[in-house]
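The values are calculated or read from the model by the stated rules, or taken from the named source; none is laboratory data. What you are looking at is a predicted structure, and each value in this text was computed from that prediction instead of being measured. A quick note on method: Cβ atoms are made from the backbone with ideal geometry, for glycine too, and the neighbour counts reach across all protein chains shown.
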Amino acid sequence: MYRIYLMVLLTLAMPAWAAAEDMDGEFALRPREVSRKQAMGLSAVFPGLGQLATGHRQRGTAMVVAEVGFIVVWLTSHADYNTQKEQFDAERVRYSAWAEGGSFAGADASWLRLQQKKNDLDGSHSRRVLFGALSGALYGYGLLDALLWEGGRMVKEEGVGLAPRPTGLAVVYRF
Amino acid sequence: MRHGQWFVVLGGLKRAMRCGLLFTILGTWVVACGNDVELPNAYHVGYLQQPGEITLSDEADGTRVSWQIASRDNVAGFVISFTDSTGSEDTRQIDDPQASSYLAVDVDIVAGTAVQVWAVDASDFYGPRSTSVMVAGSEEEE
């Protein structure tokens, strides 16, 4: 998971890093064209990166944030499901054990716990399937969006980014 | 002209793509609501009936506890419980599925003692307890 975050951060930082050049001590901007293949490649790495590279900052940012959110909820729900499945199985064994020498009161209490855990399990299952599919759908949408992009648009060199300087790194605001 | 035609086709694809995404979300939501884990059979519900109409009557040898039960299916016997005011519980078990009363001769039954009855099966599974019936105190005891 941390690798994905690192990859996203590096990929987001790279275009801003490479776009700025140091000419005679002054910053100069070199507009670049992004091909459809490059946009698709970036979208294949992570949804939204292709859109960011082609200048669709709002759409690209929304897709990156949404994809990260979907993946986080998906993985969290999957972990919850596994934990709740273990608890459900353990409670089912306890419920079955009440049949031999147990009592109605104990079996009924165990049954109520089992129903509660079943509801929790269903919720986690629904969330993990839903957000896993949403993550996949957004991934496919990002690829198709990059495929159908008209191409050849100039990258908008605006906003804040990092740029290498002889003395180190500098924060650059482009307008 | 050909370029314009391509533009129209691409625009249609974009709309279809967005519609497809919406249908994917809705379809996924419907599929996601399905259960993949089932509850076991609720064996304890209705397996043994709850005794009712508990009555206490004084006899020469002791106190007789009587009860009624709607069905004697799966019943192998009954347990009669006597709980005094301190919470101490004394139980007696009779292994007769047709029993409907028990004469308590060796139980210290005083005012405030709570009496309950429940059925038991062949595996010693206890059915639901009856409601408690309290032993009334006499005027001399008060």
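Tell me, please, whether a residue that is in contact (Cβ under 8 Å) with a residue 40 or more places away in the chain, touching a strand residue (DSSP E or B) at 6+ places or on another chain (Cβ under 6 Å) and away from chain A (no Cβ under 14 Å) can be found in the stretch B:84-104. Step through it out loud before you land on a result.
So in the stretch B:84-104, the residues in contact (Cβ under 8 Å) with a residue 40 or more places away in the chain come out as B:103-104.
Narrowing further to those that are touching a strand residue (DSSP E or B) at 6+ places or on another chain (Cβ under 6 Å): B:103-104.
Within this subset, residues satisfying the condition of being away from chain A (no Cβ under 14 Å) are B:103-104.
Yes, that holds for at least one residue.
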Which condition number in (1) without any contact (Cβ under 8 Å) to a residue 60 or more places away in the chain; (2) facing another protein chain (nearest Cβ under 8 Å); (3) under 23 Å from the mean Cα position of the chain (by Cα) is the one that A:Asp145 fails?
(1)
Which one is surrounded by the most Cβ atoms within 10 Å (Cβ to Cβ) among residues in the stretch A:118-138 that are more than 9 Å from chain B (Cβ to nearest Cβ) and out of contact with any Ser or Thr (no Cβ under 8 Å at 6 or more places or on another chain)?
A:Ser135
B:Ala42 fails exactly one of (1) assigned to a loop (DSSP other than H, G, I, E, B); (2) within 7 Å of chain A (Cβ to nearest Cβ); (3) at pLDDT below 70, namely (3)
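Quick check on my filter: what residues within the stretch B:105-125 are in a strand (DSSP E or B) and touching a residue at least 60 places away in the same chain (Cβ under 8 Å)?
We begin by selecting, within the stretch B:105-125, every residue in a strand (DSSP E or B); these are B:114-120.
Passing the criteria: B:Val115, B:Gln116, B:Val117, B:Trp118, B:Ala119, B:Val120.
Looking only at residues in the stretch B:51-99 that are basic (Lys, Arg) and assigned to a strand (DSSP E or B), which one is farthest from the chain's Cα centre (by Cα)?
Ranking the qualifying residues of the stretch B:51-99, first place goes to B:Arg64.
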Residues of the stretch B:105-134 satisfying the condition of being away from chain A (no Cβ under 14 Å) and among the charged types (D, E, K, R)
B:Asp106, B:Asp108
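Does the stretch A:46-58 hold any residues that are in a helix (DSSP H, G or I) and without any contact (Cβ under 8 Å) to a residue 24 or more places away in the chain, and which are they? Break it down into steps so the answer makes sense when it comes.
Residues of the stretch A:46-58 in a helix (DSSP H, G or I): A:49-53, A:57-58.
Once the filter is applied, which keeps residues that are in a helix (DSSP H, G or I) and without any contact (Cβ under 8 Å) to a residue 24 or more places away in the chain, the stretch A:46-58 yields only A:Gln58.
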Are any residues in the stretch B:16-33 at the interface with chain A (Cβ under 8 Å from one of its Cβ atoms), at pLDDT below 70 and over 16 Å from A:Phe70 (Cα atoms), and if so, which ones?
B:Val31, B:Cys33
Over the stretch A:95-107, the set of residues part of a helix (DSSP H, G or I) and surrounded by 15 or more Cβ atoms within 10 Å (Cβ to Cβ) is A:Tyr95, A:Ser96, A:Phe104, A:Ala105, A:Gly106, A:Ala107
